[in-house]
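Colleague: I have a structure here, written as structure tokens, and I will follow up with some questions on it.
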Amino acid sequence: MITVLVAARRAAVRARLDAIVGGSRALRLLAWSPTASLDAQIRAFRPDVVLLDLEGERIGSALGGSDPAGPGLIVLTEDPARALGDDTVADGLIRGVLPREATSGEILAAIEAVAAGLVALHPEALARRTRRPPARTRAVSDPAQPLTARETEVLGMLADGLGNKIIAARLGISAHTAKFHVASIMAKLGAGSRTEAVAIGMRRGLVVI
């Protein structure tokens, strides 16, 4: 069972997130206190995942001295695209970024993915961050971000024309987690569509038809 610490200053936000986490049989909700520091509660509870609503705070200030080797941290924020540019994401302190209006399914999928050691980035945030420039000046995707073994596997399934639900069924994951994989593949390859991602993958030798 995945243990989850929900940290949110506003009672209404905390109640919604508590209800989402508490409603899943696969998750165990840990009690959070707004009067204690997040770092102290992470050390006390040792959760698998922390679901953190930033509420306008900077990521670094909210986390304090959190350790990248600690629990998987997922932040909900008004501007996910901006959060993706934060150094704490690059440093591995944050492994999930979602918009505050994320659905319960998206939140649960992110928790599942992060608990499994994956990075969960909302497709909308990735789309805004990787918006393509005009064709003639289009930037080449960063070769320093290779696809993971699972992403390469998913890319092969995209080449076969499979949708997210079928990919999820074949891999034994949720459809939302499959969606995260597809979004990550597109971002790393600098692709604007699934078809383009497959084409780039074929050019790089990542997909064999």
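Colleague: So if R0 is 25 Å, what FRET efficiency would Val13 and Lys165 give, r being the distance between their Cβ atoms, rounded to the nearest 0.05? Numbers along the way, then the final one.
Modeller: Numbers: r = 30 Å, r/R0 = 1.21.
E(calc), rounded to 0.05, equals 0.25.
Colleague: Right, next: With a sphere of radius 15 Å drawn around the Cβ of Thr3, what net charge do the other residues whose Cβ falls strictly inside it have (Lys, Arg +1; Asp, Glu -1)? Before the final figure, lay out the partial values.
Modeller: Details: positive: Arg25, Arg28, Arg43, Arg46; negative: Asp18, Asp48, Glu112.
Charge balance near Thr3 sits at +1.
Colleague: So, in Å, what gap is there between the alpha-carbon centers of the range 157-185 and the range 1-58?
Modeller: 28 Å
Colleague: Rank the residues Leu121, Leu206 as a footprinting-exposure proxy: fewest other Cβ atoms within 10 Å of their Cβ go first.
Modeller: On the way: Leu121 25, Leu206 19.
Listing Leu121, Leu206 from fewest to most nearby Cβ atoms yields Leu206, Leu121.
Colleague: I would also like to ask the following. How would Ser24, Ser184 line up from fewest to most surrounding beta-carbon atoms within 10 angstrom?
Modeller: Numbers: Ser24 17, Ser184 23.
Placing the least packed residue first, the sequence is Ser24, Ser184.
Colleague: Still on this structure, please answer the following. Could you give the length gained on full extension between Arg203 and Ser104, defined as 0.36 nm per residue of separation minus the Cα-Cα distance, in nm? Could the numbers behind the result be given before it?
Modeller: Values: separation 99, 0.36 × 99 = 35.64 nm, distance 3.74 nm.
In short, 31.9 nm is gained.
Colleague: Something else about it: Order these by the 10 Å Cβ neighbour count, fewest first: Met202, Met1, Met157, Met186.
Modeller: Ascending number of Cβ neighbours within 10 Å: Met1, Met202, Met157, Met186.
Computed from the coordinates by the stated procedures, all read-outs in this text should not be read as laboratory data. Not measured: the values here are computed from a predicted model. Note that we place each Cβ from the backbone using ideal geometry, even for glycine, and neighbour counts take in every protein chain shown.
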